[in-house]
Structures are given as C-alpha cells and as structure tokens.
Amino acid sequence: MPLTVTTTIAPADIVRCQAIRRTVFTLGQGVPVTIEVDGRDPGCTHFLAIRDGVDVGAARMRVVEDAAKAERVAVLADLRGAGVGRALMDALEAAARRQGLSRVKLSAQSDVVVFYERLGYTAYGEEFVEADILHRWMKKPL
Ligand SMILES: CC(C)(COP(=O)(O)OP(=O)(O)OC[C@H]1O[C@@H](n2cnc3c(N)ncnc32)[C@H](O)[C@@H]1OP(=O)(O)O)[C@@H](O)C(=O)NCCC(=O)NCCS
C-alpha cells in the first residue's frame, strides 16, 4: 500500500495532524488536552503520513537551540508495526538536515524507547514523568 509523508507548515495540514494526535494521545492515552494542545504548532514543521489517501500518522519538529526536537510522534493503533513511524522520523530527520541541524533529541515514552533505538537513537539520563507517563531523553547525531 502506498505510504507518503508530507512535510508541511500549512494550517489545514496542521489541523489534520492534530486530529491524529487527538486520537492517539488524548483519546488513546488519556493525555490532558491542556498538555497535548500547547500552542506551539504554528512554530513547528509538521509531518503527515498518508496511506491510501487516509491520514494515519503525524509528528512535528521544533527547533530548540541548535537541535531538532521531535515531538508528538503518533501512528493510529491499527496501522502500527508497518513502518509508518519510521517513515515519519525519516522525514523529520531529512527536514532537520535541510535546516542545517546536526542532531535530533526527543523525550520518548519509556514503552517505545526500543522503537527509537531501532532508528539509531540513544537514551540518556534518568527516567522522568511527563503527563503521568514515564519518559527518557534520547538523541541522535545526523
Ligand atoms: C511509537 C510509534 C510511533 C511507532 O510507530 P510504528 O509505525 O508502529 O513503528 P514502525 O512500524 O515504523 O517500527 C519501526 C521499528 O521499531 C520497532 N517498534 C515499533 N514500535 C515498537 C515498540 N512499541 N516496541 C518495540 N519496538 C517497536 C518495529 O518493530 C520496527 O523495527 P524493525 O525496523 O527492526 O522491524 C507508535 O507505536 C505509536 O504511535 N505509539 C503511540 C504513541 C506514542 O507512544 N508515541 C511516541 C511518543 S514519544
């Protein structure tokens, strides 16, 4: 099945990414709307995964100091394990490189540290709690 990832800052696409995030984080994981909707979307680059014309995943990149910070990486539950998350992160890393950034960092939910490890990320520091979910910091040089 054809999978594409659109790199975008268009408001209409951001709304589509927010819909995926609402399903995955707010409804799926119980993350409070006040945390999920943080007002930073207009300043981020967004990535929208589309499979057979249907929106299936989203992520965003925020530039923090000299690093790309990957945030809100989300794939609809029925579509997991099929390479959508990897395709989103590939697009994010390509966008970071185009902007001249040399590293990506992220705070990973502890349950999915192995997903990021498969993509070349390394965990560092102690576990911490964010939105009632355990996290680890992770990083990858580009
Ligand atoms: C984490 C998430 C984005 C992964 O997306 P996905 O589309 O299922 O991932 P992929 O199919 O691209 O997997 C890529 C690799 O990671 C592995 N992987 C994916 N999810 C994994 C998990 N939960 N645990 C261990 N390995 C995992 C895959 O087996 C695959 O490995 P391989 O290339 O060696 O075969 C998705 O599960 C998700 O949206 N989870 C809920 C939201 C969430 O936790 N987001 C992360 C916030 S930090």
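The values are calculated or read from the model by the stated rules, or taken from the named source; none is laboratory data. Since the structure is predicted, the reported quantities are computational estimates derived from the model, not experimental observations. Cβ coordinates were reconstructed from backbone atoms using ideal geometry, including for glycine residues, and neighbour counts include every protein chain displayed.
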**Asked** Within region 115-138, is even one residue touching a Pro at 6+ places or on another chain (Cβ under 7 Å) and closer than 26 Å to residue 4 by Cβ?
**Response** no
**Hits in region 26-40 (condition: buried (at least 16 other Cβ atoms within 10 Å of the Cβ) and modelled with pLDDT of 95 or more)** = 26
**Message:** When the residues of region 41-81 are narrowed to those that are within 16 Å of the ligand (Cβ to nearest atom) and assigned to a loop (DSSP other than H, G, I, E, B), which ends up modelled with the lowest pLDDT?
**Reply:** 52
**Message:** So residue 24 ticks every box in (1) within 16 Å of the ligand (Cβ to nearest atom); (2) free of Cβ contacts under 8 Å to residues at least 12 places away in the same chain; (3) not charged (D, E, K, R) but one. Which box is left unticked?
**Reply:** (2)
**Scan of region 124-142 for residues that are away from the ligand (no atom under 12 Å from the Cβ) and within 22 Å of residue 35 (Cβ to Cβ), ordered by number** = 125, 126, 127, 128, 129, 132
**Asked** In region 118-138, which residues are in contact with a helix residue (DSSP H, G or I) (Cβ under 7 Å, 6 or more places away or on another chain), modelled with pLDDT of 95 or more and either part of a loop (DSSP other than H, G, I, E, B) or over 17 Å from residue 92 (Cα atoms) (or both)?
**Response** 119, 123, 127, 134, 135, 136
